[in-house]
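Taken together, the values in this text are just the output of simple stated rules run on the coordinates, not laboratory data. Predicted model, so just to flag it, every value in this text is computed and none were measured. Positions of Cβ are backbone-derived with ideal geometry, glycine not excepted, and every protein chain shown enters the neighbour counts.
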Amino acid sequence: MYTLFYGALITPKSLTEYTAAPQALVCVSKVSGNIDWIELDVPSHKFEDTLASYGLVNLRDFEFIELKHGEFIMPGFIDTHFHPCQVPNIGSGQEYELLDWLKHYTYPLEAKFKDKSFAKRVYTTVVRRIVDAGTTTCCYFGSVHEGATKILADLVHAAGQRAFVGKCNVDREAPDYYVEPSPAASVQSTLSVISHIRGLTPHPSSALVQPVLTPRFAMTCTPELLSKLSELVLSDPGLTIQTHIDENRDEIAYTKSLFKDVLPPPPDGEERCEITYAGVYDAYNLLRENTVLAHAVYLEEEEIELIHRRKAGVSHCPTSNFNLRSGYAKIGVLLDRGIKVGLGTDVSGGYSLSILTAIQHASIASKLVVLDHERSSSAKGTFASKQLSIPTLLYLATQGGADVCNIGGRVGSLKPGKAFDALLVSMNSDAGNPEVWGADLDRELGTIPGDEKRAGQEAKRSELKAQLERFFFCGDNRNIRRVYVQGKFVGGKEFKV
Ligand code: GUN
Ligand code: FE
């Protein structure tokens, strides 16, 4: 009936604070997959009384998982931007910037997904890998193909991952072999994918796998196609949307040149001055509370205001932004303005499926921004002038991503009533990751980081915080023992297919 976890727990509280509880007790309902209750401080002598106070006296009522020292549970990672159809290209083509990279490497690979048996083989391994990397919710940016995207949705559904799955729309500005035959055909196959996904379960609105509208980026969509997508969104306002924005300077200039004379008037009587990239999406009703905007490296002030007003979210993809030499996004500025931000791997612009890599590069990108600020001394605001802290990085990787996907009330942190989407992490030497200085060695040799002398519970808490930081910067899949989605054990090192 219940799964009980007893041991260390980490969960975000806000952009600046998180809970690190060395002796927590978490009760997960096996029926709903939701967290029933959490007690944050349960010393061993109070263990039985605590269970009894919740009416749990019979051992047969629960599965008990006791964490060892060096292990903790935390919310699963949320990858807000991932191209599953680019995984075989990881590590290739990184000499190019965006537009040449798309032309020479990306479109040729994505075109192969026309072949459904190819798609099935690639997607089977991709889904397994991304679940085992600790990604409990993933925004999948599929190829243009209806058949391949349905196969992807089936595989994600079977794997038990929470996800948004979309077939991308491309009706111009790509090689002929990758352009859809017409705006109508593009919308038709999009609708077919949406209804396929909603047909996967009897209760589509609470299903783990949701459809997502996926106009690739403004450039590859004609005004006619965007108008049709706008109608689709107005008739189905709950539909999540994902796309790219302001990633690369050449892309931005070209996008503006394509749309400057053709934009319809602003949707709600607002004035438009100069054309902006965000303004293009907004003109077609695509900038909404449930829109995920990948990259946002070069947002103009007017766009920041517009995105904030529309309550859209940003997927920060620092690995890709460095790797394709796009730039580095000023995430602190967006956080100061109250814009929702999550992290994205953006494979294969990014070269790692793990959100841990995105965390590392988000940290480095924020340090570059600080160095720039110091030079220009323009630093203002709580986040803009500082590097992203560990609490902020944790938030972006979990709750921030959930908020960007508009499911922040359901996942993103460990709280009663929320789904148990979580990782069981081991930072001990026997996890087999030689990059990590084991928590067991800390105990044995007294190598706990920091020089503060603390006692008792405080010492345990600071040890746990040190383990989280090590996990972020030295950890990998080997440290992820188990991955849970909606209370179900679905992946990680211990998982057997
Ligand atoms: N813009 C349009 N398509 C893509 C893509 O596949 N990757 C990235 N990084 N940017 C894009
Ligand atoms: Fe992308």
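Descriptive notes on the structure:
- Note on His45 and Asp250: with the Förster distance fixed at 60 Å, the Cβ-Cβ geometry gives a FRET efficiency of about 0.40.
- Cα-based helix-to-principal-axis angle, 456-474 vs the chain, degrees rounded to 10: 40
- When you restrict to C-alpha pairs under 8 Å that are six or more residues apart and normalise by the size of the chain, the relative contact order lands at 20 percent.
- Note on the chain: helix-only mean residue ellipticity at 222 nm, from DSSP H runs of 4+ residues weighted -39500 (n - 2.57) and normalised by residue number, equals -10500 deg cm²/dmol.
- Within straight-line reach of Lys68, meaning a Cα separation under 25 Å, sit the following lysines at least 8 residues removed in sequence or on another chain: Lys13, Lys30, Lys46, Lys415, Lys418, Lys453, Lys460, Lys465, Lys488, Lys493, Lys496.
- Förster-model FRET efficiency, 41 Å R0, Leu59 and Ser195, C-beta, rounded to 0.05: 0.35
- Whole-number percent relative contact order across the range 341-477, with pairs defined as alpha carbons under 8 Å at least 6 apart: 22
- Normalised convex hull volume, the range 241-363, alpha-carbon set, Å³ per residue: 98
- Helix 301-310 axis, angle to the chain major axis (alpha carbon atoms, nearest 10°): 70
- Distance between the C-alpha centres of the range 21-55 and the range 325-357: 35 Å, rounded to the whole angstrom.
- Listed by chain and number, the lysines whose C-alpha is less than 20 Å from the C-alpha of Lys150, apart from same-chain residues fewer than 8 away, are Lys112, Lys114, Lys116, Lys120, Lys167.
- One decimal place: the segment Lys496-Thr382 gains 36.6 nm when fully extended, by the rule 0.36 nm per residue minus the C-alpha distance.
- Helix 223-235 vs. the chain, principal-axis angle (Cα, 0 to 90°, nearest 10): 50
- Mean separation of Cα contacts under 8 Å (6+ apart) over length of the range 143-216, as relative contact order %: 41
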